[in-house]
1. How much of the accessible area of the range 1-119, probe 1.4 Å, is carbon plus sulfur, in whole percent?
2. Using the structure shown, select from K15/K118; K118/K179; K65/K118 the pairs with a Cα to Cα distance greater than 24 angstrom.
3. Tell me, in nm to one decimal, what length is gained between R64 and N10 on full extension, where the rule is 0.36 nm per residue of separation less the Cα-Cα distance?
4. Please report the net charge: other residues with Cβ closer than 12 Å to the Cβ of K40, K and R +1, D and E -1.
5. Quick one: length gained pulling R104 to L177 fully straight, 0.36 nm per residue minus the C-alpha distance?
6. Under the 0.36 nm per residue contour assumption, what length would be gained going from the current alpha-carbon distance of A18 and F73 to full extension?
7. Calculate the FRET efficiency for D133 and D112 from the Cβ-Cβ distance with a Förster distance of 35 Å, rounded to the nearest 0.05.
8. Need one number: nm distance between label points at Y93 and A144, each 7 Å from Cα along Cα→Cβ, rounded to one decimal.
Amino acid sequence: MEDLAFRYINPEKYKEIAENLAERREDREHQIDTILAKLKGLLDQSAIHVEISGRPKHIYSIYRKMVEKGRPFDQVRDLRGVRLIVQDIPSCYAALGVIHTHWRPIPHEFDDYIASPKDNFYQSLHTAVLYDDGKPLEVQIRTADMNQRAEYGIAAHWRYKERGKRDDDYEQRINWLRKLMEWRRKLKTPRNSSMA
């Protein structure tokens, strides 16, 4: 739907991106299916249990990424992307090793949000590699728990976790977040007039 609207709102930019893609969407989806099958086979050989999904980026999404990152089309690295959901953190790094062993990583396109989570607790490994066809492939690797937080947000994750078994690591993170929120609230509270 966004692509259709974008085609009429900004036909010149739409045409430019479409020509740069130079492949029909169906062809790109077939490429993703082929990539998913190859990745699944490699990870199975390494005894890494994985749920894998992928998608070719839509034209409007590519345009938004170009604008947000201030990059030309040829520097957008995630025209094709796959997401790997693995069992645990060691499996995240093992999967990354398999990927970097088979394809050359693109410099400056690796982020370890597991070792250094974002402020909103987002965790994942992000990398981009040059695939067999010489084109970039973005890969995100995370656990099911990390995916839950990424897809539904921290509040939904809390609610989900409250129904499950007790997790001490999770409880520590929640307590830390509560303290942080209290600290921010105190900073925003104006000083008491008697202290002036």
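1. Numbers: 3680 of 7340 Å².
Roughly 50 percent of what the probe reaches on the range 1-119 is carbon or sulfur.
2. Values: K15/K118 35 Å; K118/K179 17 Å; K65/K118 19 Å.
Flagged as over cut-off: K15/K118.
3. Details: separation 54, 0.36 × 54 = 19.44 nm, distance 1.23 nm.
Extra length from R64 to N10 when fully extended: 18.2 nm.
4. On the way: positive: K38; negative: D33, D44, E51.
Spelling it out: positives minus negatives among the neighbours equals -2.
5. Values: separation 73, 0.36 × 73 = 26.28 nm, distance 3.79 nm.
Gain in length upon complete extension: 22.5 nm.
6. On the way: separation 55, 0.36 × 55 = 19.80 nm, distance 1.05 nm.
This chain segment gains 18.8 nm when fully extended.
7. On the way: r = 26 Å, r/R0 = 0.76.
After rounding, the FRET efficiency stands at 0.85.
8. 2.3 nm
The values are calculated or read from the model by the stated rules, or taken from the named source; none is laboratory data. As the structure is a prediction and not an experimental result, all values here were calculated from the model. Note that we place each Cβ from the backbone using ideal geometry, even for glycine, and neighbour counts take in every protein chain shown. Accessible surface is based on the protein model in full, side chains and every heavy atom, while ligands, DNA and RNA are left aside. Shrake-Rupley method; radii C 1.70, N 1.55, O 1.52, S 1.80 Å.
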